[in-house]
Structure formats: structure tokens, C-alpha cells
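To keep things clear, I will list the structure first and then write my remarks on it.
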Amino acid sequence: MIMNSLRNVATAGIFALGLFLAPVPTYAAEATDSTASSDIHPDIARADAQREKEAQRKRYLLVFPAAVVVITVGLIVVTRRKR
């Protein structure tokens, strides 16, 4: 019984970690040596920075469903153990 519960918690943890580490699509230009920052128009640089901020927000928004899954599985395990 304990092994099955631990397996469920481990699976939920791996699922939550996978959600957090999932790649978020961004359309920002890759910084390479061939394009110096002075060659990029300031409006384009601001747009790239905005896209990076949006990608960061999306990444952090994935933490909430992952936390909900882990908390739900934890509560299920705890309430089943008390019976």
C-alpha cells in the first residue's frame, strides 16, 4: 500500500516537473555574434524583450497546474491512509 502511494506521488511529481520544464514557444530573435546590438532597431529590441517577458510569464503559469496536481495527489494519499 505504501509503495503504491509513493509511486503515485512520484508520478505526480514527475508530471509536475514536466509541466514546469515544458518548452514555451518564443519568437524572439536568437542572439548571435553576427548581429550586434547596435544593428538592431530599438523598437525591435523592445519587442524582443516583451516577447521574452511573455515567455517567462507563460513558464511560471505552468507552475500552478503542476502544484494543483501534486497537492491533489498528496491529499488523496493522506486521506486514504487515515481510513
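The values are calculated or read from the model by the stated rules, or taken from the named source; none is laboratory data. Note that the coordinates shown come from a computational prediction; the quantities given were computed from them, not determined experimentally. Neighbour counts are summed over all protein chains in view; Cβ atoms, including those assigned to glycine, are modelled from backbone coordinates with ideal geometry. Protein only, heavy atoms only, side chains kept; ligands, DNA and RNA dropped before computing areas. Shrake-Rupley method; radii C 1.70, N 1.55, O 1.52, S 1.80 Å.
Some notes on this structure:
- Tabulated pairs, segment 51-71, first free of Cβ contacts under 8 Å to residues at least 40 places away in the same chain, second surrounded by 12 or more Cβ atoms within 10 Å (Cβ to Cβ), C-beta under 7 angstrom, 6+ apart or interchain: Arg51/Thr26; Arg51/Ala28; Glu52/Thr26; Glu52/Ala28; Ala55/Val24; Ala55/Thr26; Lys58/Val24; Arg59/Val24
- The residue list Thr79, Thr72 contains one member that is in a helix (DSSP H, G or I) and surrounded by fewer than 11 Cβ atoms within 10 Å (Cβ to Cβ), which is Thr79.
- Candidate set: segment 41-69, residues that are farther than 21 Å from Ile14 by Cα and small (Gly, Ala, Ser); chosen: the one least open to solvent (accessible area, probe 1.4 Å): Ala55
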